[in-house]
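Encoded as structure tokens, the structure appears first; notes follow it.
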Amino acid sequence: MCKIIAHTALAAALLLIPVVNPTPAVAHFQTLIPSAEIVEPASGGKLTLGLTFTHPMEWGPVMEMGAPKQFGVLAHGEKKDLKAGLKAIKKEGKTAYQAAYAVSRPGDHVFYVEPAPYWEPAEQKMIIHYTKVVVDGFGSGEGWDELVGLPVEIEPLVRPYGLWSGSLFQGVVRKNGKPVPYAEIEVEYYNEGGKLAVPADAFVTQVIKADGQGVFSCAMPRAGWWGFAALVDGDAKLKNPAGKLVDVELGGLIWVKVRDFVPAK
């Protein structure tokens with residue numbers, strides 16, 4: 001009788017517990033998408049670059065961006081500050097940024113951004129995603145593997161342009177210049193317009209791990225932009241909007257463009 005009463009009481013107590021549907025964690029990605037990954041002389045070298053903090057595979061929502069701490073380009077072994085050329089725009093009512101740039105001579109250009117820290121209440125963390133993208137200038141093919149020197153950075157081992165769908169991309173995750181063994185890398189497709197559906201939440205963000213030397217590999221099955229985000233813990237805490245010291249997630253991101261074969265005319 002005691003067991004029956006106990007079981008009945010437990011069942012009644014369980015009925016009083018609210019049922020909560022678990023919400024999967026959504027990966028944040030800082031985008032830095034140029035209008036072209038290869039600039040030809042016929043275009044006059046003109047580029048536009050879009051910077052948005054969002055969930056690229058789900059095509060939103062867009063998160064508010066503060067004014068970036070850094071925005072520049074590394075080319076011919078020199079860095080150039082482009083922050084003054086950033087233009088604030090609105091996407092879904094949130095602040096994003098655009099910039100224009102003109103490539104003036106051959107050479108690969110590594111564009112990079114250090115965004116303002118972003119407070120994520122769901123994770124109770126400040127997020128800083130150091131992001132870069134490589135644009136080939138006039139068919140140079142040189143300079144694509146130069147490091148910007150960001151606190152967290154992916155060093156490409158495969159040239160990050162001129163890639164066919166199905167190509168394998170490899171990189172080294174570095175923190176303060178040193179490889180990060182077994183680093184976790186999140187991968188998302190830039191699902192422009194949200195035109196592609198996914199069969200389950202696990203397909204939104206791919207997750208891979210680097211090896212003991214910080215090297216990772218990933219094959220990209222579809223044409224378009226692919227984002228790789230290596231995530232590490234920050235060494236120091238930052239204050240959140242309420243003034244409380246909290247943990248920091250640092251990300252080293254690189255965007256890579258893939259194209260399909262096109263039948264000859």
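Observations
- FRET efficiency for Asp233 and Glu142, using Cβ-Cβ distance with R0 set to 25 Å, rounded to 0.05: 0.10
- Pairs of alpha carbons in the stretch 85-176 whose separation is greater than 21 Å (percent): 48
- Rounded tilt (10° steps) of 2-16 against the dominant C-alpha axis of the chain: 40
- Order by protection proxy (mean Cβ within 10 Å, highest first), peptides 113-120, 223-230, 72-79, 241-248: 223-230, 113-120, 72-79, 241-248
- Hz values of 3J(HN,Hα) by residue in the stretch 216-227 - Karplus curve (6.51, -1.76, 1.60), Gly and Pro given as x: 10, 9, 7, 8, 10, x, 9, 5, x, 8, 10, x
- Segment Trp164..Val262, full-extension length gain: 34.2 nm, with 0.36 nm per residue of separation and the alpha-carbon distance subtracted.
- Ranked from largest, the principal axis spans of the Cα set of the chain equal 87, 50, 41 Å.
- With a Förster radius of 41 Å applied to the beta-carbon distance between Ala242 and Ser43, the computed FRET efficiency rounds to 0.30.
- Each of Arg222 and Leu157 was given a label point 7 Å from its Cα along the Cα-to-Cβ line. The distance between the two points is 2.7 nm.
- Across the stretch 88-205, the relative contact order, built from alpha-carbon pairs under 8 Å that are at least six residues apart, equals 16 percent.
- For Gln70, the residues whose amide H sits under 5 Å from its own are Glu114, ignoring neighbours fewer than 5 places away on the same chain, with H placed 1.01 Å from N.
- Summary of packing: across the peptides 132-139, 40-47, 205-212, 185-192, the per-residue average of other C-beta atoms within 10 Å ranks them, highest first, as 132-139, 185-192, 205-212, 40-47.
- Rounded to the nearest 500, the 222 nm mean residue ellipticity of the chain from helices alone is -2000 deg cm²/dmol, with -39,500 (n - 2.57) taken per DSSP H run of at least 4 residues.
Read the figures in this text as sums done on the coordinates, not as results from a lab. These numbers were taken from a predicted model, which means no experiment stands behind them. Because the Cβ atoms are built from the backbone with ideal geometry, glycine has one as well, and the counts that use them run over all protein chains shown.
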